[in-house]
Amino acid sequence: MPASNHTLAIRLLGLLDLTSLGEGDTAARIRALCAAARTPHGVPAAVCVYPEHVTTAREALAGTSVKVATVVNFPDGGADSRRVARETQRAIAAGADEIDMVLAWRALKAGDAASARAGVDACRAACGPDIAMKLILETGELARPDLIRQASDIGLDVGVDFLKTSTGKVPVNATLAAAAIMLDAIAERGGTCGFKAAGGIRTLADAHEYLALVDGRLGAAWATPAHFRIGASTLFDAILAESER
């Protein structure tokens with residue numbers, strides 16, 4: 001493959017949220033994932049696991065720059081803001097550096113934007129200034145551009161650190177069309193909020209499309225781990241294969 005693909009792979013590695021959110025995940029599997037994250041070519045931005053594996057991941061990643069991310073209100077996106085606060089507090093107490101929270105997208109689709117925002121407010125308050133918060137919009141379920149934009153604006157109004165496309169647990173996950181809506185909303189607010197694409201991004205070509213979209217709207221210098229992530233597992237294998245060429 002062309003040398004540019006090697007360069008792309010190295011760039012993507014540092015932008016990756018290496019993810020394992022399988023119902024059958026075990027402590028041994030998470031330790032193996034974290035060991036794999038220590039590559040000769042660098043490390044991913046974060047490892048994302050279920051809350052019960054946060055402590056294992058933190059221990060396994062000790063001495064690295066890799067953040068430990070976890071999920072709350074996941075994957076259903078319920079409208080109970082007290083649950084959101086409780087799950088977030090417990091995840092942080094366990095050692096999470098970053099929280100990926102699912103928006104109450106069903107409430108938003110039903111016209112109840114207040115309930116959708118309440119959960120975001122609760123998570124943001126629990127995270128405080130030191131824990132990064134990523135808001136999962138579940139864009140494939142929102143589907144309509146106006147709802148995706150409304151969900152993006154809720155996150156931006158509350159002050160989340162990233163807008164994220166999807167859980168990866170529904171039929172339609174990340175799409176370039178949804179990403180464009182989210183990135184336009186971010187750009188209109190000055191580009192301080194980050195963006196995370198997740199769900200169905202498996203190849204270097206897939207990832208490159210999102211990177212090109214980001215570069216085109218916010219500039220190549222914007223896509224650093226502080227602003228741009230890709231949540232994936234299979235993509236990691238593709239990155240390693242190309243990095244070792």
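Taking 0.36 nm per intervening residue step and subtracting the Cα-Cα distance, what contour gain separates A62 from S4 on full extension?
Working: separation 58, 0.36 × 58 = 20.88 nm, distance 3.21 nm.
So the extension gain works out to 17.7 nm.
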Just tell me which lysines come within less than 24 Å, Cα to Cα, of K67; anything on the same chain fewer than 8 places away is out. K134, K164, K169, K196
Toy charge model, Lys and Arg Cβ at +1, Asp and Glu Cβ at -1: the stretch 3-243 dipole around Cα centroid in debye, rounded to 20, equals 200
Would you please classify the overall shape of the chain from the alpha carbon gyration tensor, given that a ≥ b ≥ c denote the square roots of the eigenvalues, rounded means a/c under 1.5, and beyond that prolate means a/b larger than b/c while oblate covers the rest? oblate
Computed Rg/Rh of the stretch 71-188, alpha carbon atoms with Kirkwood Rh: 0.94
Once the piece of chain linking R245 and R29 is laid out straight, how much longer is it, given 0.36 nm per residue of separation minus the C-alpha distance between them? 75.1 nm
Global form of the stretch 119-235, assessed from the alpha-carbon gyration tensor, a/c cut-off 1.5: rounded
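Does the stretch 1-113 classify as rounded, prolate or oblate by the C-alpha gyration tensor (a ≥ b ≥ c root eigenvalues; a/c under 1.5 gives rounded; else a/b over b/c gives prolate, otherwise oblate)?
Numbers: a/c = 2.61, a/b = 1.55, b/c = 1.68.
Because a/c hits 1.5 or more and a/b fails to exceed b/c, the stretch 1-113 counts as oblate.
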Among L15, L235, L142, determine the one that fluctuates most according to a GNM of the chain built with springs between C-alpha atoms less than 10 Å apart. L142
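Only the coordinates and a few stated rules stand behind these numbers; no lab work does. Small disclaimer: the values here were computed from a predicted structure and weren't measured. Glycine also receives a Cβ, built like all others from the backbone with ideal geometry; neighbour counts cover every protein chain displayed.
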